[in-house]
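What follows is calculated from the coordinates using simple rules that are stated; it is not laboratory data. Note that this is a predicted model, so its numbers are computed, not measured. When we count neighbours, we look across all protein chains shown, and the Cβ atoms used for this are built from the backbone with ideal geometry, even at glycine.
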Amino acid sequence: MISDRKLSHLEICRDRNVGSRGKPTHLADVELIHCAMPELNIDDVKLSANLFGKSLRAPVLISAMTGGHPATKKVNENLAKAADELGLGICIGSQRAAIEDSRMEDSFRIVREVSDKLLVIGNIGAAQLLDDNAVNIAERSLAMVDADALAVHLNPLQELVQPEGDTRYKGILKNLKKIVKSLKKPVMVKETGCGISREVARSLASTSIAAIDISGVGGTSWAAVEHYNAQLRGDKFKSEVADTMWDWGIPTAMAVCEVASLGCGIPIIASGGINNGLDMAKCIALGASYVGVARPILLQAFESHIAVSSKLERMVHELIISTLLTGCKSVEELQRVPKVIGGDLLNWVNQRGLAVVKGA
Ligand SMILES: Cc1cc2nc3c(=O)[nH]c(=O)nc-3n(C[C@H](O)[C@H](O)[C@H](O)COP(=O)(O)O)c2cc1C
């Protein structure tokens, strides 16, 4: 059943408009200051990075999307091949379907089979942390793909609007601490399109997690996905509830500021509606260290690894150009670059009392 749902989710994301409806990422509220005399050549811009012990050619990850049904294997292979070709990393989709049915392992394992050098991040849901066997589930998830790290995804909105969703959340932080202590590999926490607030980031900082993916509003809406899912099953009640909650959450730009202003030192991965390299540069200028892309490359992932690779290559090129045009040559410099923020983002940081790094 989980396996069929995984495929249905993937197809809904491919075929329906499940983007945020009225709430953007608010990255348009960020202006990077143009440097007309960069004193740099394009080859001087080096965006190479390290994450979880692996080297990346650019600080870009393919965010968690799929696996868990035989038909998803090819999609994962295309994503992994593209990531490997470009020297980027990949987080696989929730491994729950394969934990419950080992015949599904193949659809995830293919990602590691593409390359030993590839940064592969495993994935389990916060609800699985509440299982008595949580440590064992986490260890099996890591071992299944020889993962370099494990992502724990938080998705309370999706679970609440999903027919048969999990509605227990008590005890997640306590169990997260246990998992982080027990595992030999780093653990990161990610949202799935609703953003992470400063308060949640502060709680997460009390564990020893290795990264936070803020995954904010402005891209894929899981309420939208569940709205269509409920419609397909003739569940009018859930479909209407999901429709109401379509744009719920913290926009991506705001979520980066929320977590960055905490200054807890946990690297931030920015995702949620990242459509191009300029979006990426703006997220880094707000304090992120890495960026993630999911649905903007989904159509390409159904097509071929070349299609994924060329779209991501374009984004990375745009990130390099944006970095050069601000007079920077590295991620670290871009994180401290001068910027101007306005509109709703300025309003948000003022009302929330967030300290935005203004740049030198
Ligand atoms: C088809 C699809 C499947 C996804 N499945 C998962 C998943 O299994 N686990 C997870 O942590 N996130 C999952 N996500 C959420 C993404 O990792 C990401 O956080 C979110 O989609 C926002 O990024 P985007 O706007 O670039 O799509 C999925 C996203 C898509 C589009």
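At a 10 Å Cβ-Cβ cut-off, how would you order LEU86, LEU183, fewest neighbours first? List each step's numbers first, then the result.
Numbers: LEU86 20, LEU183 16.
Final ranking by Cβ density, sparse to dense: LEU183, LEU86.
Report the Rg/Rh value for the range 73-172, based on alpha-carbon coordinates and the Kirkwood definition of Rh.
Numbers: Rg = 14.1 Å, Rh = 14.2 Å.
That ratio equals 1.00.
Quick one: order LYS174, LYS190, LYS339 by neighbouring beta-carbon count within 10 Å, fewest to most.
On the way: LYS174 11, LYS190 25, LYS339 19.
Least to most surrounded, the residues fall as LYS174, LYS339, LYS190.
Oblate is the label for the range 1-76, because the ratio a/c of its alpha-carbon gyration tensor axes (a ≥ b ≥ c) is 1.5 or higher and a/b is not greater than b/c.
Against the chain, whose longest principal axis comes from its Cα atoms, helix 73-86 is set at around 20 degrees.
As a length-normalised measure over Cα pairs under 8 Å and 6 or more apart, the relative contact order of the chain settles at 22 percent.
Decide, for the range 288-360, between rounded, prolate and oblate: order the square roots of the alpha carbon gyration tensor eigenvalues as a ≥ b ≥ c, take rounded if a/c falls under 1.5, and otherwise choose prolate if a/b is larger than b/c, else oblate. Please report the intermediate quantities before stating the final value.
Details: a/c = 3.29, a/b = 1.70, b/c = 1.93.
Here the range 288-360 falls in the oblate category.
Annotation: amide H of LYS190 within the under-5 Å range of VAL152, HIS153, LEU154, ASP213, sequence separation 5 or more or interchain, hydrogens built in the peptide plane. For the range 238-360, lysine pairs with C-alpha atoms less than 24 angstrom apart, excluding pairs fewer than eight positions apart on the same chain, total 8. As a rough footprinting exposure proxy, the listed residues ILE12, ILE250, ILE33 were ranked by other beta carbons within 10 Å of their own, and the order from fewest upward is ILE33, ILE12, ILE250.
With the cut-off at under 12 Å, measuring from each backbone N in the range 307-351 to a point 7 Å along the Cα-to-Cβ line of SER48 picks out no residue. Between helix 2-15 and the chain there is an angle of about 40 degrees, using the helix long axis and the longest principal axis of the Cα atoms.
Among the DSSP beta bridges whose two residues both lie in the range 49-128, what percent are antiparallel, rounded to the nearest 5? The antiparallel proportion sits near 40 percent.
Of the residues LYS282, LYS184, LYS23, the one that moves most in a GNM of the chain with alpha-carbon contacts below 10 Å is LYS184. The range 18-91 and the range 131-191 have Cα centres spaced 23 Å apart. Just check the range 2-351 against the gyration tensor rule for me: Cα atoms, a ≥ b ≥ c as the square roots of the eigenvalues, rounded for a/c under 1.5, and otherwise prolate or oblate depending on whether a/b exceeds b/c. Since a/c stays below 1.5, the shape of the range 2-351 is classed as rounded.
Axis angle, to the nearest 10 degrees, between helix 134-144 and the longest C-alpha principal axis of the chain: 70 degrees.
In summary, the lysines within cross-link reach of LYS185, defined as a Cα separation below 17 angstrom excluding same-chain residues under 8 places away, comprise LYS54, LYS117, LYS177. Partner aspartates and glutamates whose Cα lies under 20 Å from the Cα of LYS81, excluding those fewer than 8 positions away in the same chain, are identified as GLU105, ASP106, GLU113, ASP116, ASP146, ASP148, GLU303, GLU313.
A Cβ-based charge dipole, computed about the Cα centre of the range 2-351 with Lys and Arg at +1 and Asp and Glu at -1, lands at about 580 debye.
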